[in-house]
Amino acid sequence: MDWRFWRKKWLLTAVIVTIVLVAFALFLTTLKVSYDSENDAAMQYFSCQPGMPDAFTALERLTPSDAVVLCWWDYGRSMKEWSHREAIEAYPSREIAQTVGSSRSVLGNLGAQIFAKWGSHERIQDIARAFMLNEEQSLTILRKYNASYVLVFVPDELEKFCWIAQIAGYDATDYLTYNEKNQDYEPTARGEVTLLRLIFEDTWQPRHFTKLYDNDKAKIYRINY
């Protein structure tokens, strides 16, 4: 009598545990699919932008295989996978994720905590500072990472300029304004920072960067130390 009771109890427990494990495995699978879908959205967007795929192809053609390239971090993964070149940083830091986490779905946020590959916030800050300092000061940071090329996108970097400046510890409006009448970005008198010199090179000819490629969407520069 007791043996049959305990046998049924253990069988019931085993069934419940199996159901829970299966449900948990299905939940993790759903979470991973949701995370991957949101995580790949940026790369899918880049692949559809006129001029962007051509720029990544050109970067691979114009640079040696061991080149380290300065670019904003959210292009880093595309560069690694499409251009097969090393970025200073290719993944968001936890600090960055906290500022953009609200743009993800609930499942996407939870998935990021479990599956995300986190980058270095120090590196992202260095990238931002390299863009926001003058050329000579930027070279000190770029030499630290052995960077030899730069990839920037227009108007993407201008649209992200406020974010880049904030991470570097600056007020973006001191360097760049938006002209509502012309619907265009305009650098201020203080705007001779490295990023803006690379974008507005017709106004400020870069001193330590040689332009190798320009398709009106992307510019590729070689760094001259």
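Odds and ends about this structure:
- All aspartates and glutamates inside 18 Å of K117 as judged from Cα atoms, apart from same-chain residues fewer than 8 positions distant: D36, E38, D40, D74, E81, E86, E89, E95
- Rounded to the nearest Hz, the phi-derived 3J(HN,Hα) couplings of segment 143-157 under the Karplus curve 6.51 cos²θ - 1.76 cosθ + 1.60 (θ = phi - 60°) are 5, 4, 9, 6, 6, 10, 9, 10, 10, 10, 10, 10, x, 3, 5, where x marks glycine and proline.
- Karplus 3J(HN,Hα) series, Hz, for segment 163-168 with 6.51 cos²θ - 1.76 cosθ + 1.60 (x for Gly, Pro): 5, 4, 4, 4, 5, 7
- Under the simplified labelling scheme, the Q166-L62 pair shows an inter-label distance of 3.1 nm, with each label point 7 Å from Cα along Cα→Cβ.
- Couplings for segment 200-208, taken from phi via the Karplus curve 6.51 cos²θ - 1.76 cosθ + 1.60 with θ = phi - 60°, read 9, 5, 5, 8, 10, 5, x, 8, 10 Hz in order; Gly and Pro are left as x.
- Spin-label pair D174/S120, simplified geometry with 7 Å Cα→Cβ offset, distance in nm: 2.6
- Taking amide H atoms as placed 1.01 Å from N in the peptide plane, the amide H of L212 lies under 5 Å from those of I220, Y221, R222, each 5 or more residues away in sequence or on another chain.
FYI, it's all coordinate maths here, none of it is from the lab. Values in this document were obtained by computation on a predicted structure and should not be read as measured data. In this analysis, Cβ positions are derived from the backbone assuming ideal geometry, glycine residues included, and neighbour counts consider all displayed protein chains.
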